[in-house]
1. Which residue is modelled with the highest pLDDT, if the candidates are limited to segment 35-55 and must be part of a loop (DSSP other than H, G, I, E, B) and in contact with a Gly (Cβ under 9 Å, 6 or more places away or on another chain)?
2. Kindly establish whether residue 371 is open to solvent by less than 60 Å² (accessible area, probe 1.4 Å) and either at pLDDT below 90 or within 25 Å of the chain's Cα centre (by Cα) (or both).
3. When you look at residue 277, is it of a type in the set (A, V, I, L, M), open to solvent by 20 Å² or more (accessible area, probe 1.4 Å) and under 30 Å from residue 358 (Cα atoms), yes or no?
4. If you go through segment 3-31, how many residues are buried (at least 16 other Cβ atoms within 10 Å of the Cβ), not in a strand (DSSP E or B) and not polar (S, T, N, Q)?
5. Return the pairs, sorted by first residue and then second, in which the second residue is part of a loop (DSSP other than H, G, I, E, B), the first residue lies in segment 261-275 and is modelled with pLDDT of 85 or more, the beta carbons are less than 6 Å apart, and the residues are 6+ apart or on different chains.
6. For segment 56-67, indicate whether the set of residues that are at pLDDT below 70, over 28 Å from residue 199 (Cβ atoms), touching a strand residue (DSSP E or B) at 6+ places or on another chain (Cβ under 9 Å) and open to solvent by 20 Å² or more (accessible area, probe 1.4 Å) is non-empty.
7. Might you check whether a residue that is in contact (Cβ under 8 Å) with a residue 40 or more places away in the chain, part of a loop (DSSP other than H, G, I, E, B), over 18 Å from residue 189 (Cβ atoms) and within 21 Å of the chain's Cα centre (by Cα) occurs anywhere in segment 307-318?
8. Filter segment 165-186 down to the residues that are open to solvent by 60 Å² or more (accessible area, probe 1.4 Å) and within 30 Å of residue 226 (Cβ to Cβ), then identify the one that is modelled with the lowest pLDDT.
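The values are calculated or read from the model by the stated rules, or taken from the named source; none is laboratory data. Predicted, not measured: the structure shown is a model, and the values here were computed from it. When we count neighbours, we look across all protein chains shown, and the Cβ atoms used for this are built from the backbone with ideal geometry, even at glycine. Accessible surface areas use protein heavy atoms only, side chains included; no ligands, DNA or RNA. Shrake-Rupley method; radii C 1.70, N 1.55, O 1.52, S 1.80 Å.
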Amino acid sequence: MAETTQVLLVSGSGGAGRTTVAAATGLAASRRGQRTLVFSFDSSRDLRGAFGLVAPVLPEARGLPVRVDDRLHLQELDVTSELKRRWSEGRGEVAALLGGGLEGVTAEEVALAPGVEVLLALLLLGEHSRARTYDLIVIDAGDAPRFVGGADAVGWYARRSRAPEQSARRARPSRVDPDVLHSVSDKLTDVGALLRDPTVTRVRWVTAHDHRTEQGLRRACSAFGLQGLALDGIILNRLSLVGEDAALARHPVVENLQHLVGSIPVTGIALQGRDIVGEEALEAFATLLYRGEDPARLGSTPPSVGVGKQAVDVYRLELQLPFARKEEVSLSRREAELVIQVGALRRNVLLPRMVAPLATAGASLEGDRLVVEFKKERV
């Protein structure tokens, strides 16, 4: 049993080779002796196909971890199967989060709702983390900020649903067990904290080169910072070779991105001449990616978000917002929640109990760091 399960989110847009990177990373980590799970919740990805495996025919086997070898398992979320497990005829965890009045709704109908796969993936991640079966979980996460922000969004809904003033407004009695609602919302809060803990979770961004690469990197870094995610590496995949520079370390695009992000390592990978399918091809690709280094850890970043005490009844929240401009940032406050908007990006920050009663005293953008101060109002 692992002492602490590490989590690696492989993020990036479709078509950049994200699933291949996740598969190769998980395989390479398992070869180094780490008990590894590679997990995907995006139905458009083919994680099994990357390993050359055939999807199960029997419905009861869908969505369960698949053994590749003693140290490596794969899991592709099957929304319908997972919902059935958690639905319990409208009395289970997902039904509790969706609220009352669902007596005539089936799990199959709920599976069609947008965002359900993110909720189920978060709950599954929480289960794996508590079980500590794996040393490392590599998640083919797609839009990592959306995934991490999903815990906040559902948690906010659950808090509002269980608030006394909300309960009093219900038009009809609910069958939802309040203990189930409290339990599942607490689980999501724990998962959200785990994903924002840089000692546990890191994100690795995969992109292909085109005219929007630099713009996409700037936006991704701002989104990761806003969500409190620790970015540990950037993989610039499918590059065209320049001259004889097979190592790609001096490729002008790699150098440009490296200058942009500073100490976060940027790895360039040449466009491969064949499809990367099966363990042998994935191992060769992992060699290009990591060159013998530990695939679970490329680089490290300091905590991206934190609340610190400055004096009696004076606290400060600091949030890294690389590439953000002052005019893009706006804040609003609603009781214990601070809403931070950076351009089109948004995050609701639930303030700790010792900070929630305090007033927002001011905010400033200091370099790439947003600083918000909270103080007790003088009577």
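1. If we filter segment 35-55 for residues that are part of a loop (DSSP other than H, G, I, E, B), which is where we start, we get 35, 41-46, 51-55.
From what's left, in contact with a Gly (Cβ under 9 Å, 6 or more places away or on another chain): 41-42, 44-45, 51-52, 55.
On the way: 41: 90, 42: 83, 44: 77, 45: 79, 51: 93, 52: 89, 55: 70.
Among residues in segment 35-55 that are part of a loop (DSSP other than H, G, I, E, B) and in contact with a Gly (Cβ under 9 Å, 6 or more places away or on another chain), the one modelled with the highest pLDDT is 51.
2. When the stated conditions are applied, residue 371 passes them.
3. For residue 277, the condition - of a type in the set (A, V, I, L, M), open to solvent by 20 Å² or more (accessible area, probe 1.4 Å) and under 30 Å from residue 358 (Cα atoms) - is not met.
4. 12
5. 264/299; 265/298; 265/299; 268/248; 268/251; 270/241
6. Within segment 56-67, one or more residues are at pLDDT below 70, over 28 Å from residue 199 (Cβ atoms), touching a strand residue (DSSP E or B) at 6+ places or on another chain (Cβ under 9 Å) and open to solvent by 20 Å² or more (accessible area, probe 1.4 Å).
7. Scanning segment 307-318 turns up no residue that is in contact (Cβ under 8 Å) with a residue 40 or more places away in the chain, part of a loop (DSSP other than H, G, I, E, B), over 18 Å from residue 189 (Cβ atoms) and within 21 Å of the chain's Cα centre (by Cα).
8. 165
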